[in-house]
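These notes concern the structure reproduced below.
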Amino acid sequence: MDKSKRRLIGSIGAISAGAVIAPISSANASATVIIRNNEAADRKGMVGKRYAMLVDLRKCVGCQACTIGCSIENQAPIGQFRTTVKQYEVTLDNGSTEAKNVTSFMLPRLCNHCENPPCVAVCPVQATFQREDGIVMVDNERCVACAYCVQACPYDARFINEETLTADKCTFCAHRIEEGLLPACVETCVGGARVIGDIKDLGSEISLLMAKHRQEIKVLKPEAGTQPHVFYISLDNQFVSNVEGKAAIYDPKGDRA
Amino acid sequence: MNITEILVPPQALAWLPWAVQYFFYIGSAYAAAILFVISFICRSHTSHQWRSALVLVMAISAVIGPIALTADLHQPGRSLHFFLHFTPWSWMSIGSLLLPTFSGLAVITAWLYLRDDIAQLKQSSNIWIQRLSLLTLGQWKTSNKLMLSTASLTGLSGLTIALYTGLEIAVLASRPLWHQPASPLLWFVTAFIGAIGLSMVIVALMKSQSVKKHERMSLTDRKIIRHTLILMSTLAMVFLPIWASNHVHNNLFDIYEWQLRFATLFIGFIACIIVGIWVTRSTLKRPQLLLFSLVTLLSCWYLRWVTMMEVQTLPNYDAGPYPYSLPMGPNGLLGILGMLGLWLAIATVVTELLNVKQSTHTRKNHAHSHEALSNG
């Protein structure tokens, strides 16, 4: 690891770990009524579990194997992604010799399967719901594709699938988990950066890792009150809520811009 | 720390220009409904021509608006799901009940108000147009009491549309620019500017020779237009900077494209005020009417474009912005022109029918015909 990357990682930790760990015991974390739209028997999922993902950014090399794995598994249209790895070029400007070094920062992104999901609350036909195991799903036979949920998500995790013309998003590969398999992105991750598991099971790999790294775990936009359940190790504060930097250069192509 | 985005896939705009069309037409409809109630209460001073224009704007826009809304659903065939799975905690679901109620009431109010005019169609020489006079559904007279109560109910229903459309977007905490009281207020005040613009299109479509002199635009009508335009444009110019300053991540006023947008909007609202002042002083011939319509409609429409479409190009998380170029097809320019064309087509057919009538009826405002100013 080069020095500047270590420096980047070293600046972790300003946000209190308490704010991050709070979602784990979130049953009483919020006084407001959380809408899950999961009264129907077929919307319960695996009762008694709470799935979450832990992403160790120190292990992510930005190879996009997860992006490809997900696209193959879930057949999202070309150019639309349930998960992807955002990449940023970072330099320091603190006057040190390390300031001249350029490094990359990788940020795998996917649905956060929030404990208080704003997308579920706005859906006008209750097509999107959250199972008892925390996985946020879309019933795309009921979805009217009004895109209200796409707008409500503060993480840009949802999109209107160009082929099915309904709301689409990461499901933690619930269909694979139910068969005892790992999600496609976890399965394909070359560095083992993504770990998924049941955080109610204190002996699970994810629970043990979260306990071990309790002080350095962060979530995206904790201030939004959504209580995300995708946790990051080694997430720099500059990337927690809003990236301030130079914009990417896009090449707009009509409707697909 | 200097950060440069290297690989950040842009988030596509989820709400298409159809949403702007919906907000534009439904806003004009509810504002016209409210203006009609005021104009009907002051019916001894306002003209039949102005009130007819308002009810037509209300009814046509209340029908066109929902069509645009349905087009914004990527699955318009599933609209029935709104009623099969009613969801009282979602403003959009509540709107699925409020919107048909308003559209229905708007058409009923317009029909009630124009029954006398529809009855006149039986004097036409064309047998098909004569038959349209049967749409009055009987010879009974529409009482002022019935008219006022129906119009008031429609006005109240219009307010529920203003409330639901505003809150539907304002509840979205993901976008600070939407998640503030200034956004529904901005849409509400500018809706009146749109309603007046479309009313002027209707007045321009009405042939002056078929409108009796005492039924033409009165001074009171023009005062209503002037006061509304000056008040609402001023409020829009007050709300707009408040709205823009709520973008928490970076200062919109520092971004060149947004500076241009705000400058255009301010010029538009100032032009609306000038129109408002001018409208009581100018003759209302077709060129003036169309110029007034153009200024007011563009101001109202562009505000919705900026506050709904351009806001979506601001990223939730990244440095952005996400690019958007208006497609030429149905989801872009063709859709915008198509909805306008549909509105104009309906407005032309209806006003042509009203032009046909050989008006013989007299109205209470006859005594005030001295107020009527020539509209050419």
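The values are calculated or read from the model by the stated rules, or taken from the named source; none is laboratory data. All of these numbers come straight from a predicted model, not from anything done at the bench. Cβ coordinates were reconstructed from backbone atoms using ideal geometry, including for glycine residues, and neighbour counts include every protein chain displayed.
Does residue B:218 fit the bill of being touching a His at 6+ places or on another chain (Cβ under 7 Å) and crowded, with 23+ Cβ neighbours inside 10 Å?
Answer is yes for this residue.
Which of the residues that make up segment A:169-193 are basic (Lys, Arg) and not in a loop (DSSP other than H, G, I, E, B)?
Hit for segment A:169-193 is A:176, nothing else.
Please determine, by comparing only the residues of segment B:303-323 that are surrounded by 18 or more Cβ atoms within 10 Å (Cβ to Cβ) and hydroxyl-bearing (Ser, Thr, Tyr), which one is nearest to residue B:202 (Cα to Cα).
Checking each candidate, the answer is B:307.
Between a residue in segment A:229-249 that is more than 7 Å from chain B (Cβ to nearest Cβ) and without any contact (Cβ under 8 Å) to a residue 12 or more places away in the chain and any residue that is buried (at least 20 other Cβ atoms within 10 Å of the Cβ) and assigned to a helix (DSSP H, G or I), which pairs come within a Cβ distance under 8 Å, given they are 6 or more apart or on different chains?
Here the result reads none, with nothing in segment A:229-249 linked to a residue that is buried (at least 20 other Cβ atoms within 10 Å of the Cβ) and assigned to a helix (DSSP H, G or I).
Which residues, taken from segment B:277-328, are assigned to a helix (DSSP H, G or I) and either within 14 Å of chain A (Cβ to nearest Cβ) or among the acidic types (Asp, Glu) (or both)? Can you show your working first?
Within segment B:277-328, the first condition is being assigned to a helix (DSSP H, G or I), and the residues that meet it are B:277-278, B:286-312.
Within segment B:277-328, B:307, B:308, B:309, B:310, B:311, B:312 meet the criteria.
Quick check on my filter: what residues within segment B:84-112 are hydroxyl-bearing (Ser, Thr, Tyr) and in a loop (DSSP other than H, G, I, E, B)?
Scanning segment B:84-112 gives B:87, B:90.
Could you list, in sequence order, all residues of segment B:194-237 that are in a loop (DSSP other than H, G, I, E, B), closer than 24 Å to residue B:344 by Cβ and not hydrophobic (A, V, I, L, M, F, W, C)?
Passing the criteria: B:207, B:216.
Quick one: residue B:106 ticks every box in (1) modelled with pLDDT under 95; (2) hydrophobic (A, V, I, L, M, F, W, C); (3) surrounded by 17 or more Cβ atoms within 10 Å (Cβ to Cβ) except a single one, so which number is it?
Status for residue B:106: all satisfied but (1).
Restricting segment A:212-257 to residues that are at pLDDT below 90 and assigned to a helix (DSSP H, G or I), which is surrounded by the fewest Cβ atoms within 10 Å (Cβ to Cβ)?
Result: A:254.
In segment B:327-366, what count of residues is obtained for those that are surrounded by 15 or more Cβ atoms within 10 Å (Cβ to Cβ), under 27 Å from residue B:169 (Cβ atoms) and modelled with pLDDT of 90 or more?
Within segment B:327-366, residues that are surrounded by 15 or more Cβ atoms within 10 Å (Cβ to Cβ), under 27 Å from residue B:169 (Cβ atoms) and modelled with pLDDT of 90 or more number 9.
Restricted to segment A:153-195, and to residues that are within 14 Å of chain B (Cβ to nearest Cβ), among the polar types (S, T, N, Q) and touching a strand residue (DSSP E or B) at 6+ places or on another chain (Cβ under 8 Å), which residue is nearest to residue A:132 (Cα to Cα)?
A:166
Looking for whichever is under 19 Å from the mean Cα position of the chain (by Cα) and at pLDDT below 85 here; the options are A:20, A:85, A:102, A:55. Which one fits?
Step by step, each of A:20, A:85, A:102, A:55 is checked, and only A:20 is under 19 Å from the mean Cα position of the chain (by Cα) and at pLDDT below 85.
Say we look at segment B:245-261 and pick out the residues that are more than 13 Å from chain A (Cβ to nearest Cβ) and under 23 Å from residue B:181 (Cα atoms); which of these is surrounded by the most Cβ atoms within 10 Å (Cβ to Cβ)?
Checking each candidate, the answer is B:252.
Within segment A:194-211, how many residues are in a helix (DSSP H, G or I) and farther than 21 Å from residue A:82 by Cβ?
6
For the condition closer than 23 Å to residue A:61 by Cβ and either of a type in the set (A, V, I, L, M, F, W, C) or surrounded by fewer than 20 Cβ atoms within 10 Å (Cβ to Cβ) (or both), what is the one hit in A:205, A:178?
Among A:205, A:178, only A:205 is closer than 23 Å to residue A:61 by Cβ and either of a type in the set (A, V, I, L, M, F, W, C) or surrounded by fewer than 20 Cβ atoms within 10 Å (Cβ to Cβ) (or both).
I'd like to check something: does segment B:73-82 contain any residue that is modelled with pLDDT of 95 or more and assigned to a helix (DSSP H, G or I)?
Within segment B:73-82, one or more residues are modelled with pLDDT of 95 or more and assigned to a helix (DSSP H, G or I).
Being away from every other protein chain (no Cβ under 14 Å), among the small types (Gly, Ala, Ser) and not in a helix (DSSP H, G or I): is that true of residue B:44 here?
Details: away from every other protein chain (no Cβ under 14 Å): yes; among the small types (Gly, Ala, Ser): yes; not in a helix (DSSP H, G or I): yes.
Yes, satisfied.
Which residues, taken from segment B:68-124, are more than 14 Å from chain A (Cβ to nearest Cβ) and of a type in the set (D, E, K, R)?
The answer is B:115, B:116, B:117, B:122.
Go through (1) small (Gly, Ala, Ser); (2) at pLDDT below 95; (3) in a helix (DSSP H, G or I) and name the single condition residue B:138 misses.
The single condition residue B:138 does not satisfy is (3).
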